[in-house]
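*Asks:* Dropping a structure here in structure tokens format, bear with me for questions.
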Amino acid sequence: QVQLVESGGGLVQAGGSLRLSCAASGRTCSRYTMAWFRQAPGKEREFVAAVTLSGSSTYYTDSVKGRFRISRDNAKNLVGLQMNSLNPEDPAVYYCAASIGVGVPRDQSEYEYWGQGTQVTVSS
């Protein structure tokens, strides 16, 4: 069982940056593949990024490649998402998720644990 709590959301101007953090309870974070998803009003929840257990491999949806970076610190049970060059396509509630499955799932159905979400808003 894992509890995930996101933080770091807020309002930022287009072209600006935000860093999201996800804190996992206990020492369990290192046992899971971790990911970030996002969901805008009226849209499906979308895969954003994932990081493997060791943190050595990362995966991103095409729309954020080169702008976002996912990272993890297993010793601190933290997962980060650095978001740079934010644009009007990025506003959404961002969710941290953990999967006990093999590989690196990119479908939300493959993730068993979810945080409460943190809102990211981009202004012009």
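The values are calculated or read from the model by the stated rules, or taken from the named source; none is laboratory data. What you are looking at is a predicted structure, and each value in this text was computed from that prediction instead of being measured. All Cβ positions, glycine included, derive from the backbone under ideal geometry; neighbour counts span all protein chains shown. We work out accessible area using only protein heavy atoms, side chains counted, and drop any ligands, DNA or RNA first. Shrake-Rupley method; radii C 1.70, N 1.55, O 1.52, S 1.80 Å.
*Asks:* Please go through region 81-124 and write out the GluC sites (Glu not before Pro) that DSSP classes as loop and that have at most 10 other C-beta atoms within 10 Å.
*Replies:* Glu89
*Asks:* Also, quick follow-up: Given the protein chains as shown and a 1.4 Å probe, how many square angstrom of Arg67 are accessible, to the nearest 10?
*Replies:* 40
*Asks:* Which percentage, to the nearest 5, of the DSSP beta bridges contained in the chain is antiparallel?
*Replies:* Values: 36 of 40 bridges.
Around 90 percent of the beta bridges assigned by DSSP in the chain are antiparallel ones.
*Asks:* Could you check the simple spin-label distance between Glu44 and Glu112, using points 7 Å along Cα→Cβ, in nm with one decimal?
*Replies:* 2.5
*Asks:* Let me ask you something else. Once you sort the root eigenvalues of the Cα gyration tensor of region 3-124 as a ≥ b ≥ c, which label holds: rounded (a/c under 1.5), prolate (a/b larger than b/c) or oblate (the other case)?
*Replies:* It is prolate, given that a/c is not under 1.5 and a/b is the larger ratio.
*Asks:* For the chain, with every protein chain kept in place, what is the accessible area per residue (1.4 Å probe, Å²)? Intermediate results must be reported in sequence, preceding the final value.
*Replies:* Details: 6460 Å² over 124 residues.
Value for the chain: 52 Å² per residue.
*Asks:* Between Val102 and Ser71, what length comes free when the chain is fully extended (0.36 nm per residue of separation minus the Cα-Cα distance, one decimal in nm)?
*Replies:* Working: separation 31, 0.36 × 31 = 11.16 nm, distance 1.88 nm.
Gain on extension, Val102 to Ser71, equals 9.3 nm.
*Asks:* What is the mean projected area of the alpha carbon convex hull for region 35-106, to one decimal in square nanometres? Walk me through the numbers before you get to the answer.
*Replies:* Details: hull surface 20.3 nm².
The number I arrive at for region 35-106 is 5.1 nm².
*Asks:* Would you rank Lys76, Lys43 by solvent-accessible area, highest first, keeping every protein chain in place and using a 1.4 Å probe?
*Replies:* The ordering from most to least exposed comes out as Lys76, Lys43.
*Asks:* Rounded to the nearest percent, how much of the accessible area of region 69-124 (1.4 Å probe, protein heavy atoms only) is carbon and sulfur? Kindly include the intermediate steps, with their values, before the conclusion.
*Replies:* On the way: 1320 of 2840 Å².
Percent of accessible area from carbon and sulfur atoms in region 69-124: 46.
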